[in-house]
1. Only bridges whose two residues both fall in the range 21-170 count here: according to DSSP, what percent of them are antiparallel, nearest 5?
2. Report the convex hull volume per residue for the range 21-170, counting only C-alpha atoms, in Å³.
3. Which of the peptides 160-170, 40-50, 123-133, 24-34 is most tightly packed, and how do the rest follow, judged by the mean count of other Cβ atoms within 10 Å per residue?
Amino acid sequence: MTDRAPARDGARAGRSRPAMPSIATDILVCGSSDRGDDGAPIAAAEALRADLPDDVRVRVVGRLDIDDLLDVPAGARVVIVDAAIGIRPGEIVELPLTGLLGGRERVRPRSSHALAIPEVIGLAGLLRGRPLEGRVVVIGGVGFGLGTSLSPAVARAIPALVRAIRDAVERDGA
């Protein structure tokens, strides 16, 4: 899956760089398609990619890293899509980024490195000098083993996950 952002190779041989379109929303898709239900966000992104406005960029990041959030353009909102534990398989939860920062949510997104996603979001906001605006959309999963496919409950919920991502993008103040 490729990034919807335009190529940045126009500066060679005296050519001017193509203008970067304004990005209103950056969708960061977490997960791994070869790890069972962890692949649900990627499946949803593939289904939704063609129907997005030009000012929405989709980036498959795998495991969310601080650099992914630092790359969100100034003034753009972010929608992080991930699989989670702590909710029923196939259940979809959407909440503001700040909903994860309080640490009281039962939802635990799976895709980050040494730091938990709430810590990644908080640190990125500190480094940017302002909090990120956006939402998190997660789908509950049950199996995350290497080489497994989506569980039946999660596979059935992919269309609902696509709608939830689209709703998060369209929501004022994401």
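Where a number appears in this text, it was derived from the coordinates with a stated rule and is not lab data. Note that the structure is predicted; figures quoted are calculated from it, not measured. Backbone-built Cβ (ideal geometry, glycine too); neighbour counts: all protein chains shown.
1. The antiparallel fraction comes to roughly 25 percent.
2. Convex hull volume per residue, Cα atoms: 94 Å³.
3. 24-34, 40-50, 160-170, 123-133
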